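Bear in mind these aren't lab numbers, they're just calculated from the coordinates by the rules spelled out. Bear in mind that the values here come from a model prediction, so they are computed numbers and not experimental data. FYI the Cβ positions are ideal-geometry reconstructions off the backbone, even for glycines, and counts take in every protein chain you see.
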Amino acid sequence: MQVKNKRWGIAIVAVGLLSVGLALAAYQHLRDPSPMTLGDGNNGPSEMVWMPAGEFLMGSDNKQAKPSEGPAHKVRLDGFWIDRHDVTNADFARFIAETRYVTTAERKPEWDDLKVQLPAGTPEPHDSVLVPGALVFVGTDRPIPLDDFSQWWAFVPGADWRHPLGPDSTVEGKENHPVVQVSHEDAKAYAQWAHKRLLTEAEWEYAARGGLQQADYAWGNDFTPGGQKMANTWDEVQPFPIIGSSNKFKIGTKPVGSYKPNAYGLYDMSGNVWQWVADWYRTDAFNLELKRQSAGGVSYNPMGPPDSYDPALGVTANAPQRVIRGGSFLCSDSYCTSFRTSARQGADPMNAMSHLGFRLAMSNDQWKKIH
């Protein structure tokens, strides 16, 4: 009888230990990576950083902030992986080589895509005008009023991601520069190929802030701490948007990682190139979000508004626009201060520009499915 009871006791202990083991295994499988883990292809996707779940104050009520940046409001996010740096020319070239994808800048523009950005009744242009190309910063040779950006931007036929400034330019030798001249549609196509996705606007700002609540910049409140430049932005020694012959070729993108990363190990969350995110752009997006918040006054994983709205566009206020973030090498104190972490802007999702790129995100579930 004692032997039988002893056997039952051993069996019960064994089952208990097995249950604990299974529970621990399940916990190990389900738990998120450690905060700020840098993926290496085995422990997380290569060159992506793990952003742990958390809460932060999104937007800004700072005196520098534009109305579209406020009001500041609480947001809570699940964890996600984010690219350590912008997608580069080399990255994009691999995508093109494998898929033979043709970017929007390399295609003849479709009138249906153009007319939604124009006042109703605008006549369709002659077919000879609808040629592949993209917008290029051309600058000026003298000081001008800063109320008409068409004075320093031009549509250049033949400009595309391989030839960002026009058909005579090249990305050869710039493989580690961020890819530009890519539309929102192009970024989504790349994301699908890479088994990733565009960041939401909330995810982008959470990551860009590097844990610094309401700081002006991704590194703090001092734009040049200790006199050190922290991002690729317009050099104020030359008034914007003048391109002088002496420094003409210094204005543009720099290799990713040319400046120090933020506290989360992310490069170029300010300056270098603007970055596409997933959300539709509305100037009143954060006011609308406040109305949608839960009783606790927190937004959980916000996905942005369902449509676009920008009254500054006048009769085309509802023209489709997606959010871009981070500013670029063209941002300056005299014209554009969008290197601030709360700064936001809208852009035509079919548009490609010489200062606009992207980086991507991935959920842990997405990573597990492909790993």
When you scan segment 320-345, how many residues do you find that are closer than 21 Å to ASP113 by Cα, more than 12 Å from the chain's Cα centre (by Cα) and buried (at least 19 other Cβ atoms within 10 Å of the Cβ)?
-> 1
For segment 257-276, what are the residues that are aliphatic (A, V, I, L, M) and either farther than 17 Å from VAL180 by Cβ or surrounded by fewer than 24 Cβ atoms within 10 Å (Cβ to Cβ) (or both)?
-> ALA263, LEU266
Options THR140, THR122, THR170, THR99; residue that is within 17 Å of ALA352 (Cβ to Cβ) and hydroxyl-bearing (Ser, Thr, Tyr) | THR170
Identify the residue in segment 277-300 that is among the aliphatic types (A, V, I, L, M) and not in a helix (DSSP H, G or I) and, among all such residues, is surrounded by the most Cβ atoms within 10 Å (Cβ to Cβ).
-> VAL277
Test each condition in (1) outside any loop (DSSP other than H, G, I, E, B); (2) over 30 Å from MET230 (Cβ atoms) for ILE324 and report the one that comes out false.
-> (2)
HIS85 being under 17 Å from the mean Cα position of the chain (by Cα) and not charged (D, E, K, R) | yes
Go through segment 100-136 residue by residue and tally those that are without any contact (Cβ under 8 Å) to a residue 60 or more places away in the chain and in contact with a helix residue (DSSP H, G or I) (Cβ under 6 Å, 6 or more places away or on another chain).
-> 2
Of the criteria (1) assigned to a loop (DSSP other than H, G, I, E, B); (2) under 18 Å from GLY59 (Cβ atoms); (3) hydrophobic (A, V, I, L, M, F, W, C), which one LEU330 fails | (2)
